[in-house]
Amino acid sequence: NAILMAYGNKCTCCKETEPIFLSIDHVNNNGEEERKKYYANNIYGKIIKENFPATYQLLCYNCNQGRYLNGGICPHKS
């Protein structure tokens, strides 16, 4: 997967490498706002078209959800 490769093939936080656990995270915590503009399937095309911008990162689902529930900071880092 080009997106996984472009963002390092691992969770930015805990370094998990299992592809099935990885997800795109909005670095600026603006995922909800962006989802209103783009359908989930279109976000991947947008990322590729914009040449893998630094406003996204890979997180595993645990770190992504933890970050969401913890005010934008993964519990690993708080």
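The values are calculated or read from the model by the stated rules, or taken from the named source; none is laboratory data. Given the structure is predicted, the values throughout are model-derived calculations rather than measurements. Virtual Cβ from ideal backbone geometry, glycine too; neighbours counted across all protein chains shown. Keep in mind that these areas ignore ligands, DNA and RNA; they rest on the heavy atoms of the full protein, side chains included. Shrake-Rupley method; radii C 1.70, N 1.55, O 1.52, S 1.80 Å.
Looking only at residues in the range 12-47 that are open to solvent by 90 Å² or more (accessible area, probe 1.4 Å) and of a type in the set (D, E, K, R), which one is nearest to A2 (Cα to Cα)?
K15
Tell me which of these G66 doesn't satisfy, since it passes every other one: (1) open to solvent by less than 40 Å² (accessible area, probe 1.4 Å); (2) in contact with a Ser or Thr (Cβ under 8 Å, 6 or more places away or on another chain); (3) not hydrophobic (A, V, I, L, M, F, W, C).
Of the numbered conditions (1) open to solvent by less than 40 Å² (accessible area, probe 1.4 Å); (2) in contact with a Ser or Thr (Cβ under 8 Å, 6 or more places away or on another chain); (3) not hydrophobic (A, V, I, L, M, F, W, C), the odd one out for G66 is (2).
Which residues, taken from the range 48-60, are surrounded by fewer than 17 Cβ atoms within 10 Å (Cβ to Cβ) and farther than 17 Å from E32 by Cβ? Spell out the reasoning first.
The first filter runs over the range 48-60 and keeps only residues surrounded by fewer than 17 Cβ atoms within 10 Å (Cβ to Cβ), leaving 48-55.
Within the range 48-60, I48, K49, E50, N51, F52, P53, A54 qualify.
Restricting attention to the range 1-30, and to residues there that are in a helix (DSSP H, G or I) and touching a residue at least 12 places away in the same chain (Cβ under 8 Å), which single residue is farthest from P75 (Cα to Cα)?
As a first pass, look at the range 1-30 and keep what is in a helix (DSSP H, G or I): 2-6, 19-21.
Retained after the next criterion (residues that are touching a residue at least 12 places away in the same chain (Cβ under 8 Å)): 2-4, 6, 19, 21.
Working: A2: 28, I3: 25, L4: 23, A6: 25, P19: 21, F21: 17 Å.
Result: A2.
Looking only at residues in the range 47-69 that are of a type in the set (S, T, N, Q) and farther than 15 Å from G31 by Cα, which one is nearest to the chain's Cα centre (by Cα)?
Taking the range 47-69 and keeping what is of a type in the set (S, T, N, Q), we get 51, 55, 57, 62, 64-65.
Cutting the leftovers down to farther than 15 Å from G31 by Cα gives us 51, 62.
Values: N51: 15, N62: 11 Å.
Filtering first and then ranking leaves N62.
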